[in-house]
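Everything below concerns the one structure shown next.
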Amino acid sequence: MRFWAVTAQFIFAPLAIIASSSVSAQEAPQADLEQLSRNLEDAETSFQYARAAAAAGDTKAAIAALERVLQINPDLANIKLELGLLYLRVGQADLARSYLEAAVNAPDAPPDARIRARQALRTAEGNLSTLRLAGFLSSGVQYQSNPNGSPDFVSVQPQLGNVSPIILSGDDLTIPRGGDFSFNLSGNLEAAVGLGGQAGHELVLDGYASQNWYRDETDIDLTYLQGRFGPRFNLGGATSSTGLVRPYVLGTLLSLGGDRYYGSVGGGADLLFRTGLTTSVAIEGRYEDRTYRNSTLRGAASDQSGDYWTGQVQGTWQFQPRTRLIGNVNGQIVDADRAYQSRKSGAAQIGLGHVFAPPVGTLAWYLSGSFGYRYTRYEEPDTLVDRDTRRQEDRFDVALALSIPLNASLALDARFQHTWNRANLPNYDYNNVSGLFGVTARF
């Protein structure tokens, strides 16, 4: 119970801050707005004033305050995005278009913000029923110290009575160990067509593809394909959207080392709610029927086939003009064909993102960092590993990423991540350090 209490506090604290900030802003009396309006000389005060004004329904005052923020910090794409949405709300389509076009491909724009910006651009341009294409293409070189997740030690359970497990040293492992380089190529394409009317609803088909080629460990070369199809409904209308709802069907294919690993079909729904000018909450629920396939290297892969249920909640709070806080909690329930592969897992992540003036050039750089924790508990022991012990894992991830825009749609990316996977069975206990450098093009 203590674990759940600490986890709940860790994750829901940022979400509670988001909710409370929205409520307090909505309840801000006119006197508070007047007091803030007397001191709009700095970007922070202007930003707080804009939040309070928008919550109080004074859109024009919010616009004026955000314009003041941009005068002080002209490189803030997130402020341009909010200005574009506000100008659209008051019927200034030309001004809205100029700000939205400047913000839609910014490296610091969250995925939901890009969606809102593109829908708003469709409204501003009067193209409510035309086909719209958007996406990205990313490539890079990555180094990992332990891409296989190989343990330092591994236990082998003898099948002779109650003999204790035998512990083999790392030198005796048949699992390849050591670092390796890989080349990564990934991309996303979204095709959306308006459903007519002024609400901004769309029918959306989107696909994601990723390919990793390893220099030495070709057995783990990865190919991943996923497609989703379904409508996306705009809550509150296109010019004053308060959220999005998108049900979808999906299909997924994953191969490892050139052999099909699993395929799945399923469906789910995405929900996004804007709780204030700079706060939002996103919710997703998904079901997949996964079918794993055995191969020469993975002879028992099919034991993982079954029902996969996944859910997550994420809150975002832009509490300063240049800085946002992101909190995420998610979980998964797996009902596999073999009980020793059935499991429950839960995860929590908290991160910060910060836009800062570049040491060279004029486009702002985006730095983000995060800390994450995931636990996984299996229902039954794997008798080939240990007949009495159910597998349990606690994973910790620390990540740091930097995006350097070269122009409106092209950016350099650098990422560092350290993973610690602590397990009660030494077979699954490992560390991995990775670093990536690449480039991303958005359109």
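Selection over region 374-419 of residues that are assigned to a loop (DSSP other than H, G, I, E, B), in contact with a strand residue (DSSP E or B) (Cβ under 6 Å, 6 or more places away or on another chain) and hydroxyl-bearing (Ser, Thr, Tyr) gives a count of 1. Of all residues in region 335-345, those satisfying the criterion of being surrounded by fewer than 20 Cβ atoms within 10 Å (Cβ to Cβ) and either closer than 30 Å to residue 75 by Cα or in contact with a Ser or Thr (Cβ under 7 Å, 6 or more places away or on another chain) (or both) are 335, 337, 345. When region 247-285 is filtered for residues that are surrounded by fewer than 19 Cβ atoms within 10 Å (Cβ to Cβ) and among the basic types (Lys, Arg), only 260 remains.
The criterion of at least 2 residues that are closer than 19 Å to residue 341 by Cβ is met by the following strands (runs of 3 or more DSSP E) wholly inside region 210-320: 243-256, 259-276, 279-292, 306-320. The set of residues in region 348-370 that are over 20 Å from residue 109 (Cβ atoms) and either over 13 Å from the mean Cα position of the chain (by Cα) or among the acidic types (Asp, Glu) (or both) comprises 359, 360. Quick check on residue 199: is it of a type in the set (A, V, I, L, M, F, W, C), in a loop (DSSP other than H, G, I, E, B) and buried (at least 16 other Cβ atoms within 10 Å of the Cβ)? Yes; evaluated as a whole, the condition is true for this residue.
Residue 110 - would you say it is assigned by TED's automatic domain parsing to the domain that holds residue 328 and touching a residue at least 12 places away in the same chain (Cβ under 8 Å)? No. Residues of region 355-373 that are in contact with a strand residue (DSSP E or B) (Cβ under 7 Å, 6 or more places away or on another chain) and loosely packed, with under 15 Cβ neighbours inside 10 Å: 356, 358, 371.
Do you know which of the residues in region 139-184 that are over 30 Å from residue 440 (Cα atoms) and of a type in the set (S, T, N, Q) is modelled with the lowest pLDDT? Spell out how you get there, then give the answer.
First, the residues of region 139-184 that are over 30 Å from residue 440 (Cα atoms): 150-177.
Filter once more, keeping what is of a type in the set (S, T, N, Q): 150, 155, 157, 159, 162, 164, 169, 174.
Working: 150: 84, 155: 66, 157: 56, 159: 48, 162: 51, 164: 56, 169: 56, 174: 58.
Per the stated criteria, the residue is 159.
Listed here are the residues, each with its yes/no results for (1) in contact (Cβ under 8 Å) with a residue 24 or more places away in the chain; (2) of a type in the set (Lys, Arg).
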position	(1), (2)
246	yes, yes
259	yes, no
287	no, no
295	yes, no
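Screening the candidates 389, 419, 383 for the property of being exposed (fewer than 14 other Cβ atoms within 10 Å of the Cβ), in the same structural domain as residue 190 (by TED's automatic domain parsing) and among the hydroxyl-bearing types (Ser, Thr, Tyr) yields one hit, 383. Among residues of region 167-189 that are under 25 Å from residue 139 (Cβ atoms), those with a beta-carbon under 7 Å from a residue that is modelled with pLDDT of 60 or more and of a type in the set (Val, Ile, Thr) at least six positions away or on a different chain give the pairs 181/141; 183/141. Number of residues in region 202-214 that are at pLDDT below 95 and surrounded by fewer than 16 Cβ atoms within 10 Å (Cβ to Cβ): the value is 1.
The values are calculated or read from the model by the stated rules, or taken from the named source; none is laboratory data. All of these numbers come straight from a predicted model, not from anything done at the bench. Please note: Cβ atoms are built from the backbone with ideal geometry, for glycine as well, and neighbour counts cover all protein chains shown.
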